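First the structure, in the form of structure tokens, and then the observations on it.
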Amino acid sequence: MKKISVLFVCIHNSARSQMSEAFLNHVAGDKFVAQSAGLEPGVLNSNVVEVMKEIGIDISGNDTKSVFDMFKEGKTFHYVITVCDETSAERCPLFPGITQRIHWSFNDPSAVKGAGDEKLAKIRVIRDEIKHKIEEWVKEIG
């Protein structure tokens, strides 16, 4: 059986899309193959790496990728899911083929303010929201 291909997109591919990719591959890697990319690829968020590692998912070796490079390469996906704010999501290219676009808005871990532990606590909340959304979506898709 061919796996359902999913691309998660956010602005820098440094946090939300990386977590989404990791969760989908972790939770339902037998049915889905997830990738992630950004509109303006940046650097992997070290706080996100830390909170993911806390729950046994290591994304420290991931690279940030450009959604536009994937588009130019002619990659196709069953689903393209934007996980940034709606205005930024509108900048995502339309991929060829039969692609369903979905938008899920999550707060940006890079914009979280506070001291070390306070910041990590806020990022854990975002992480858990993403995990919950992925789990619910996987149940919905079947």
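Readers should treat all values here as calculations from the given coordinates under stated rules, not as data from a laboratory. Just so you know, these numbers come straight off a predicted model, no measurement behind them. Positions of Cβ are generated from backbone atoms using ideal geometry, with glycine treated the same way; all protein chains shown enter the neighbour counts.
Summary of computed values
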item	result
Inter-centroid distance (Cα atoms) of region 98-142 relative to region 67-83, Å	20
Percent breakdown of C-alpha pair distances by 10 Å bin, ordered from the shortest bin, for the chain	12, 46, 34, 7, 0
Longest site-free stretch - the chain; sites: trypsin sites (Lys or Arg not before Pro), DSSP loop, at most 12 other Cβ within 10 Å	3-112
For the chain, calculated [θ]222 nm from helices alone, where every DSSP H run of n ≥ 4 adds -39500 (n - 2.57)	-12500 deg cm²/dmol
Region 4-141: Lys pairs at Cα distance under 18 angstrom, eight or more positions apart or on different chains	11
Sequence-separation-based contact order of the chain, relative, with Cα cut under 8 Å and 6+ spacing, percent	27
